[in-house]
Structure formats: C-alpha cells, structure tokens
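Taken together, the values in this text are just the output of simple stated rules run on the coordinates, not laboratory data. Nothing here was measured: the structure is a model prediction, and the numbers come from that model. Neighbour counts run over all protein chains shown; Cβ positions are idealised from the backbone, glycine included.
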Amino acid sequence: QFPLEGCGSGTYTGLLAKELVRCGHEVFLIHPEGQHGTIECPSITYDCTVRRREHRFMPCFTTLGSDSIRFPLLDQSEMKLITSRIHATLAKACQMWNPTLIHINHLWMAVEPAVSLGLPTVVTVHGTELAIQEEKPDLRESITWSIQWVDALIAVSDHVLDRLISLYPTAQKKANRIWNCADTDICAAAVSKRSSRWSELGIGNLDGGEYKVVCFVGKISTHKGVHVLLQAAEMYEKKVPNVITLLIGTGTELNALVDMATKLGLQRVRFVRSLPYQDALCAMAKADVVVVPSLNEPFGLTAIEALTMGTPVVASDVGGLSEFATIAGGTLVAPGSPDELGAAVLCVLDTYGRKQREPEIKPPLDLFRNDVWVDRICQIYKRCLANQIGETESRSFVPATRLCETWG
C-alpha cells in the first residue's frame, strides 16, 4: 500500500494491520515510502523495497499533493517495470516470511503478481481505481483476468460494489461490501485534546476568540467540492460574523482555489496546507461542523471519523456518503449546490454547540466499531483459506504462466 498517510486506503491499511495484530495475527506490510506513518505497532513487519523515489512514475490513482503521476500517464514499459518489481518483492516476502494469505489494496496491477504466487488473495476495492480503468481501457483485460483468480473482493461501499459489478460482471460471486470505519484509538486521542489551543496544531489566530469553525479535511481539489464550499462560505460569512472556514490539505489545484477565495472576497477562509493525520483529526474534533462537499466519493472516511468524534457533519448526497451519513447522524445536501450546503452549515451552527458533545468517542453505528469491522474481514479470510485446501497447485501454474507472458 502507498501512501500510508494522505489517502483513505492508507488509513484503511494502517487500521487493518493494527486490528489484525490485536486479534493475534501477524502482519507483513509492503509499502514504497520507507516510513510507517501513524502505525505504531512493533508486531508489524515492514518491507519498503518498492520505493516510490526509485521510479519517477510510481503511480497513484488520484493526485497526492504535488504528485501528478497517475496511471493514465504511464506507458506499457513503465507499467511492466513496476509490476515486475512488485512481483519480485512479493515473491521474496513469501519466501522469507511464509504468509498464509495476501491482501492487496486496490484492484490494480499488483493483483497479477499476487495471484501468481498461489496463495489465497483478497483485494479491497476502494473505488478510485475503477475510475482510472475507465480512463485507461488497456488495464481492463488484466483486471478481468485477475478477478478470475482472486479469492475474494471487498468493496468499501454499495456504490463501489455496484460500479465494480457493472464493469466486471464476473466479480459478483466474489464481492462483499464492508464499510470502512474510523481508527477509534486515534479518534479518542483527538477528542481528549478537544480543549487544546489551535496554536498547538500549528493553526494561528484562532485562540482567544469565540469563533464558529467550519472544517474541511482532504484533497484540495474540485472533485472534492472545495470550490462549492468556497461559494457556500460567501453566503454564510455574511450571516455569521464570527465564522471561520478551515481547509486542511493540499493538492495540485490548491493555488487555483486560493485564488478563487480571493476573487470571492472571502475574509475568513484559512488554507492549512498540511497537518499530520492526528492533528487533522484534532482539528475536526474541535470544529463546530465538518463539511464533506465531494462531487463524487466512493466512501467518505472523513465523515465517519468526524461522526465518531461527535462532530456534526454536512456531506454531499453522493456515493458511499449517501449510504450512511444520515443514519449515522449527518446531514446530506445535493452535490454541487452552494445554496443547500450553506443553508445546512448555518442550520448546524445554529443548532449544535461544542459544549453539548460527549467527552468520549462513540462509533455512530455498531458496523463502524473496529472489532466488528475486522471480524467481518477475518471471516472472509477464513472462507478463502477453507476454499483453498487442495487447490494450490492447480491455481498457481496458470497465473504464473500468464504473468510471464504479460510482463516478461
């Protein structure tokens, strides 16, 4: 998995690794960045052989910070080189560590090397990779073949599940929907610091005033709806004189959106270009409302994290957010509508107060409890292992042949 911070799938990986260790399992985590992010667990072994910096084209599904190397920009030779390196790293890990099962994040080019090793293979489909496959049709053949050989697929929302099956009908028999959940350990630490000063998070000029804080955390981009939030801020700034809009994150569109805020004449919008994951959660815990104005969203982890910490959420009625936001206590608005978004933010600011919140975290639904979530994933592992008995030789030969034909 890469990266371990700055994207939902990285957060997913870190949480899953910690919860598996908590359940008594051993975890070997392969990632290319050479750092462990927020994962502080001595029982997790790391391999950073496939390093991002070794290849200028180490790809991502959506732009991350200043990184704009996305799958549609890769040519066949670049994809071949990355896949061969992933295969070599996986093969070495299997030889040295003898794993029982391989779990791949994203339905992408790493799946072929994984299934070629003959071990039960589970793939979590996060949704962003499906959009890339629509942009780059030559990946479709590889993914169609991979689905034939993986043992199980986990979609993070019904929205992603439906999209997966529409692209790959053969995935239906292997696909399961398991919603993501927040890391309650980190959320609890953030809530415990709710009364701390904003300056302790590196955010100045907010302490000492009775401000109402509207918080966005994520990629600063139009597909995340930041431009819609800025348009909504133009409305609610006029009605709430002490409101501050806090935008935490970075992205390739950051400068353009900063310019947009200036042109709109917004006086109380703060762009915070980067915060460590724990500090970003602290900011959400301290805020009066967290806004998730995405134009498309496979799941919407930020919303679950905020709701787990007791912070009101206003989110777009799209993708995975449509499935859980209201039943978990959030408010949904039409995507791309500044008027609806602004009105909902005003309603929350008028209705809720930070003093009304519980001092302890509480997942909004049992399905979002870490132990329930990891148990459901472990049940899939057990089914895969049970189905694998006696099949290793028959499944490993053909994928290995295919890998040699495809990637040399």
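Counting residues in the range 235-361 as N, plug N into 2.2 N^0.38 Å and put the Cα Rg over that result. If you can, show how the numbers build up before the last one.
Values: Rg = 14.3 Å, N = 127, 2.2 N^0.38 = 13.9 Å.
So the Cα radius of gyration is 1.03 times the expected 2.2 N^0.38 Å.
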**Message:** Shape verdict for the range 288-380, please, from the Cα gyration tensor: rounded (a/c under 1.5), prolate (a/b greater than b/c) or oblate.
**Reply:** oblate
**Item:** Within-14-Å neighbourhood charge of G300 [Cβ basis; K, R +1; D, E -1]
**Value:** -3
**Item:** Surrounding net charge for P169, when Lys and Arg each add one and Asp and Glu each subtract one, Cβ distance under 14 Å
**Value:** +3
**Prompt:** Using the count of nearby Cβ atoms within 10 Å as a rough guide to exposure, how do H126, H223 rank from fewest to most?
**Reply:** H223, H126
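Loop only per DSSP, at most 11 neighbouring Cβ atoms within 10 Å: give me the GluC sites (Glu not before Pro) in the range 196-302, ordered by residue number.
For GluC sites (Glu not before Pro) across the range 196-302 that sit outside H, G, I, E and B with at most 11 neighbouring Cβ atoms in 10 Å, the list reads E210.
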